[in-house]
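Here is the structure we will look at.
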Amino acid sequence: MKTLLTSTLALLVLASAAVASDGHDHGKVIPGPKGGRIVEVEGGHAEFLVQPDRKVSVTFYGEDMKATGPSEQVVTVVAEAPAGKAKLELEKTADGFLSRTVLPEGDGYRIVLQIRATEGAKPQNFRIDYHAETCGKCSRAEYACICAEESGGGHGGHSH
Ligand SMILES: [Zn+2]
C-alpha cells in the first residue's frame, strides 16, 4: 500500500512538471516563420528579417504565432555599422513593416530594433547581432539561429 501511494505521488509530481514545461516558456527560441529572428513584444511576437535585397522587414504575430498584420506600431531600425550608424525608417505594408532603405554594407555589426506599440508609447529596444552567414546546424542565418538554447550552452558552429 505504501509503495502504491509513493508511486502515485511520483506520478503527480511528474504530471505537474510536464504541465509546467509545456506552458509559456520565455527561454525557448521560436523559429521565425519567414526565416527571421523572433522577439517578444507586447501582446505577442515580432519577426525581424533581413531580406535578400537587404531591406529589413518586421512582421507581427500574436502569442499563438498567428500573423496579426500591422496595426498602430511604430518601428525603426538603427544599424551600428562600422562605417557609421544608419537609421532605417520602416513603413507599413500589407502584412507588416518594410524599411525604405537597405542596411549598410557588410555584417557583423549590432542592429537595434525599436518597436512602439503606438505612436508615443514607451519603446521596446531589441539588440540583434547581425551575422548574415548561414548556421551549419539549423541552416538559418546566424542572426536568426535557433540552436543557442539547445546545444547545452555553447553556440555551436560559431567561430569568433
Ligand atoms: Zn543554428
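Numerical summary
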{"quantity": "Globularity ratio of segment 29-144, using Cα Rg and 2.2 N^0.38 Å", "calculated": "1.00"}
{"quantity": "Estimated FRET transfer efficiency (residue 66, residue 40; beta-carbon r; R0 22 Å; 0.05)", "calculated": "0.90"}
{"quantity": "Formal net charge of residues neighbouring residue 42 (Cβ-Cβ distance under 13 Å; K, R +1; D, E -1)", "calculated": "-1"}
{"quantity": "Two-site label geometry, residue 133 and residue 102: point separation in nm, points 7 Å out along Cα→Cβ", "calculated": "2.2 nm"}
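Read-outs throughout are calculated quantities, based only on the coordinates presented, and are distinct from any laboratory measurement. None of the values given here were measured: they were computed from a predicted structure. Note that each Cβ is placed from the backbone with ideal geometry, even for glycine, and that neighbours are counted across all protein chains shown.
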